[in-house]
Every structure is written in structure tokens, then in C-alpha cells.
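Read-outs throughout are calculated quantities, based only on the coordinates presented, and are distinct from any laboratory measurement. The shown structure was predicted, so the numbers you read here are calculated from the model rather than taken from an experiment. Positions of Cβ are generated from backbone atoms using ideal geometry, with glycine treated the same way; all protein chains shown enter the neighbour counts.
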């Protein structure tokens with residue numbers, strides 16, 4: 001039994017890499033996702049439903065498809081990747097930063113969805129009241145809309161974080177399965193199941209995944225409760 | 001002091017109103033659906049009329065011909081709504097002082113302590129909106145609007161969601177503001193009884209038209 005908890009240093013570095021990728025993923029998408037969520041919740045414009053569909057595409061496509069498209073776009077010979085490499089020396093393919101991008105694409109719709117829902121629940125009357133008190137719409141956004149959407153933003157962060165931790169298909173297609181560079185938890189579990197005597201380390205990593213997921217859900221629940229109490233809303 | 005001309009066509013409603021208010025305090029009276037709140041929306045900049053002009057104290061806020069349309073936050077019109085609209089994530093004090101961030105000190109007409117004392121809300125300052133009663137909420141909403149140093153104060157059915165007993169508690173405060181504070185004020189209500197306690201300058205509106 002005890003062997004299940006004896007993590008080797010290489011397993012711990014897998015965990016470290018996964019956390020790093022997931023953390024950078026949510027940092028990368030938080031601001032764009034909030035902006036897009038606000039646009040979709042509050043504005044009507046030409047091409048809105050197209051934008052909406054495009055953002056949701058990664059949710060309904062097999063993950064290898066976005067992974068392959070990323071390779072075409074951002075790979076070292078890719079349409080954009082070529083220039084990134086030539087002018088900035090940035091190489092995304094087969095690096096951990098590429099893993100961040102791959103999971104960001106997959107997590108983006110989840111974050112947009114929950115923030116959008118939260119923003120559309122904010123009473124527009126409150127925003128108008130704030131404007132009538134002299135607040136510029138941008139100030140209204142930061143002082144009224146955003147704080148009142150906090151529980152949705154927290155949910156979005158946790159969902160995106162978990163999605164990134166669990167991302168497999170797009171990641172392996174775009175950045176491969178390179179130890180200490182792109183081999184995150186799911187890739188490592190998969191790799192262990194492909195080698196003899198890999199069952200035990202695979203199981204250890206599975207346990208780790210379950211514990212992390214449970215922890216994320218519990219933290220999110222606590223934070224949401226707190227955010228709702230702040231605005232006098234009962235937990236629902 | 002206030003000059004409004006507004007024409008606006010919607011699928012099942014039409015507003016065509018011209019009015020000039022020369023008294024400091026006036027009331028707009030009419031049944032629900034008559035266009036009172038639409039008129040308020042036009043003056044405040046919430047609703048854009050198809051055609052019209054809004055001038056407050058000589059300053060043009062909207063003119064469809066000259067393509068002037070000052071945004072809500074530049075109009076400096078204090079609003080008090082039926083539902084109070086206090087910011088639920090801020091306490092009473094933060095609600096009251098919200099506008100102070102946007103108004104240069106030399107343009108602030110009221111002193112915070114003075115308003116708090118006038119409206120008797122000193123004991124509520126640390127409370128959150130969901131912890132105080134409907135009547136208290138409306139007093140805070142009134143104070144919040146006043147502290148934004150508006151050039152015009154508009155109250156849209158401020159007592160409609162309160163019961164009779166609470167109405168009678170708030171009315172004296174409204175009267176006090178109408179009588180003692182030197183800000184033009186438009187009071188909107190469907191209740192003639194309520195209005196008569198505030199002012200005799202009555203404008204009657206019915207199905208989007210001013211009836212005098």
C-alpha cells in the first residue's frame with residue numbers, strides 16, 4: 001500500500017511541470033477571456049455568433065484537431081511560427097510554452113463561458129446607477145461589473161486550470177511527449193501504461209490527479225461561497 | 001431651467017413630449033406605461049430618442065440635430081430608482097462615497113457628514129445593502145445621488161416599493177431635500193397623493209404625451 005505514496009523525483013517533476021503549464025495557461029487567458037466574455041455578454045455586433053462558435057470549437061472538436069492546427073500555425077515551419085522563430089527566437093513546438101498554448105486553446109472556451117454567464121447576471125441597472133454617479137464605463141467595469149462577477153471568474157479559473165492539467169490530445173499533437181519539457185500528468189500516465197512495470201507509477205500519478213482535482217473543486221467552492229457572501233447572495 | 005423635447009418610436013409605444021421646467025422642483029405624474037420613466041431615461045442619457053433636445057441649466061446634453069449626445073457619466077444627473085440600486089458588494093459608506101472619486105474636490109457641493117446627518121444614516125455606514133431595510137436603502141440611495149453633486153436630481157418612483165408606514169417615514173426626508181437643498185429636482189410618480197406632499201408643480205403625462 002505504502003508504495004502508492006512513494007513518489008519518485010521524476011514523478012514529482014512531472015507534477016511540477018503540469019502545475020507550471022496550468023498556471024501559465026490561466027495567466028495567459030484570464031484577461032482575453034474576460035474581455036471576450038464581456039463582449040459576448042454585453043455587446044451586439046456583426047459576426048458575434050461566428051465569434052461565439054469559433055471560441056467554442058475546441059470544446060466540440062477532437063482535441064487532436066486543434067493540436068494539429070496549432071502545429072500548422074505555430075510550429076517551427078508554421079505560418080506564424082516561422083516568424084516567431086526568425087524574429088523573436090521563440091519556438092513553441094515541442095517546448096513547455098507550446099504546451100501552455102495548446103492547453104490555453106482548449107481551456108479558453110470554458111473560462112469564457114463561466115465569466116460570460118456571471119457578467120450577464122450582473123444587473124445592468126447597477127451599471128447605469130454607477131455611470132449616473134459620474135463613473136466612466138471602464139471604471140464601472142472594474143468597480144461594479146467585475147467584482148459582482150467574481151464567483152464566475154473563480155469558477156472559470158478553476159475549470160481552465162483543471163482542463164489544462166488534464167489536457168492530452170492537443171498537447172501531444174502540438175508539442176509531443178518529451179520528458180521534463182512537455183510530459184505533463186496525463187501524458188506521463190499514458191507513457192507509463194505503455195511500458196512494462198509502469199502500472200505502479202501510473203497508479204501513483206492517477207491518485208495524484210484525483211487528489212488535485214478534488215482539491216481544486218473544494219477550493220473553488222470555498223472561494224465562490226466567500227465571493228457570494230461578499231455581495232449578500234446566498235450560496236446557490 | 002430644464003428644457004426637454006423628445007420624440008421616440010418603439011413597436012408598441014410612442015413618446016412625443018416637449019416640456020420646460022422653470023421651477024426648481026417639479027413632478028411628472030402619470031399612470032404606469034405612460035412614458036414617465038422613458039422621459040427620465042432620455043434626460044439622463046440612458047435612452048436615446050430618435051429626435052429631440054435636452055438642456056439643463058443652459059447646458060445642452062442632447063441635440064439630435066447638432067449631433068450632441070453627452071454620455072450618462074458626463075451629464076451629472078443624480079438618479080434615485082424605485083429599487084435603490086445600491087451596490088451589493090460595497091458597504092453603505094462606500095456606496096455613499098462612490099461618486100467622490102469622479103468629482104473634483106472644488107465641485108463637490110455637499111459634505112459627507114452633513115448628508116449622513118440630514119438623512120439619519122450614520123448608524124448604517126458599516127452595513128451592507130442586504131442588511132438594511134427598504135426604507136433605509138432609499139435614504140442611502142438618496143444620499144449617494146446627492147453626494148455626486150448633481151446639476152439635477154431625478155427620483156423615479158422612489159417610494160413605490162415601500163409599504164405605507166415606510167413611505168411616511170421617507171416622505172419627510174424627500175420634502176427636506178426638495179425644500180432645503182439647492183438642486184433642481186424632478187420627482188416621478190404615479191401617485192398624486194405622494195406628489196402633492198412634495199410639490200405643486202405637476203406635469204401630467206399620458207400615453208407618451210404631455211397633458212399639461
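So the values come out like this:
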| item | result |
| --- | --- |
| Chain B: antiparallel DSSP beta bridges as a percent of all, rounded to 5 | 60 percent |
| For region A:197-236 versus region A:132-155, the gap between their alpha-carbon centres in whole angstrom | 27 Å |
| Per residue convex hull volume, Cα atoms of region A:99-236, in Å³ | 117 Å³ |
| Point-to-point label distance, residue A:195-residue A:61, nm (Cα→Cβ direction, 7 Å offset) | 3.2 nm |
| Normalised per residue, the volume of the convex hull around the Cα set of region A:9-230 (Å³) | 142 Å³ |
| Alpha-carbon Rg/Rh ratio, for region A:1-122, with Rh computed the Kirkwood way | 1.08 |
| Tilt relative to chain A, helix A:96-120 - C-alpha long axis, 0 to 90 degrees, to 10 | 30 degrees |
| Region B:109-212 - Rg and Dmax from Cα coordinates, angstrom | 14.4, 45 |
| Computed E for residue A:3/residue A:30 - FRET, C-beta separation, R0 41 angstrom, nearest 0.05 | 0.60 |
| Efficiency of FRET between residue A:219 and residue B:50 - r from beta-carbon atoms, R0 51 angstrom, step 0.05 | 0.50 |
| Region B:1-67 and region A:67-104: distance between their alpha carbon centers, rounded to Å | 56 Å |
| Per-residue mean of C-beta atoms belonging to partner chains within 10 Å, peptide A:135-142 | 3 |
| Two-site label geometry, residue B:196 and residue A:13: point separation in nm, points 7 Å out along Cα→Cβ | 8.8 nm |
| Globularity ratio of chain B, using Cα Rg and 2.2 N^0.38 Å | 1.00 |
| Per-residue average of Cβ from other chains inside 10 Å of B:87-94 | 5 |
| Residue order, fewest to most surrounding Cβ atoms within 10 angstrom, among B:76, B:139, B:70 | B:70, B:76, B:139 |
| Per principal axis, descending, Cα span of the protein assembly as shown in whole Å | 93, 49, 42 |
| Computed label-point distance, nm, for sites residue A:46 and residue B:117 using a 7 Å Cα→Cβ extension | 6.0 nm |
| Rounded tilt (10° steps) of B:164-180 against the dominant C-alpha axis of chain B | 80 degrees |
| Chain A: angle of helix A:48-60 to the longest principal axis, Cα-based, in degrees nearest 10 | 30 degrees |
| Most mobile listed residue (B:14, B:180, B:136) in chain B, GNM with C-alpha springs under 10 Å | B:180 |
